[in-house]
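The values are calculated or read from the model by the stated rules, or taken from the named source; none is laboratory data. Every value quoted in this text rests on a predicted model; they were computed, and no experiment measured them. So basically every Cβ, Gly included, is an ideal-geometry build from the backbone, and we count neighbours across all protein chains shown. Accessible surface areas use protein heavy atoms only, side chains included; no ligands, DNA or RNA. Shrake-Rupley method; radii C 1.70, N 1.55, O 1.52, S 1.80 Å.
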Amino acid sequence: MTHLMDLVAGDAREIVLAIGTGDLAGLDDRRRFPAHVALGGGLDPTWLDLFAEAARHIVGGDGPGDFLDARIEIEGPPDAEGRSIERVDPAWITAVARIPDPRVDAVASSWIDLLEEELGTLAREEKPWIRDLAGRLVVFCRAADRAPDVLFAWSFR
C-alpha cells in the first residue's frame, strides 16, 4: 500500500473513487479536484492540531479549531484496509483560508516552536519543509473553501 496523507477538495465520491483505484496522480487534476495537498507520509495527523494552535495564537480568535475535532470518518473503498478517509469540517478550511498572507510566516514559526516543544529539537533541514507546508496549507484551504467536500485521506500502515 502506498503511504498516503493528503487533503483533497472536490466531490467526496470522486475523491474516494480516485483513492480507491489508486489514482493518486489524478488528485492533482484541477478539472476534477479544485485543490490537493500531499502532506507526506512522515507527518503525524496531530501535527495539524499544532498548526491550528499556532494559527490561533498568531492570528487571534478561536479558529481554526483542533484538526482532530474537525474530522468525521466516512466509508472508504472496500479494499482500504489500513487507510482512513475523513471529511473535514468546512469551518476549519475557512479559518485556515483566512490567515492573512503577512501572518503565514509567523504561523509557520509558531508551528515549528510547538512541534519542538512536542518532539524535541527538529533538524535544521526539517524547518524549511514545515514553513513551506504551512504556506501550502493556506493556499490549499483558499482553493478548497468553496468546494463541496474536503477529505483527509491517510494510511496508518
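General remarks:
- Fraction of accessible area attributable to carbon and sulfur, the chain (%, probe 1.4 Å): 49 percent
- Total formal charge among the other residues, if their Cβ is under 14 angstrom from that of D29, Lys/Arg +1 and Asp/Glu -1: -2
- With q set to 0.15, 0.21, 0.27 Å⁻¹, the log10 of I(q)/I(0) for region 4-87, from the Debye formula over equal scatterers at the Cα positions, is -0.62, -1.06, -1.35.
- Net charge over other residues, Cβ less than 12 angstrom from the Cβ of G65 (K, R count +1; D, E count -1): -4
- Where a label projected 7 Å from the Cα of H57 along Cα→Cβ would reach, residues of region 113-146 with amide N under 15 Å: 113-122, 131
- In the chain the Cα-Cα distances spread across 10 Å bins starting at 0 as 11, 42, 35, 12, 0 percent of all pairs.
- Converting phi to 3J(HN,Hα) with the Karplus coefficients 6.51, -1.76 and 1.60 and the offset θ = phi - 60°, region 141-146 yields 5, 5, 6, 8, 4, 9 Hz in sequence order, with x at every glycine or proline.
- Theoretical ellipticity at 222 nm over the chain - DSSP helices of four or more residues, -39500 (n - 2.57) apiece, nearest 500: -14000 deg cm²/dmol
- Length-normalised contact order of region 1-118 in % [C-alpha pairs under 8 Å, at least 6 apart]: 25 percent
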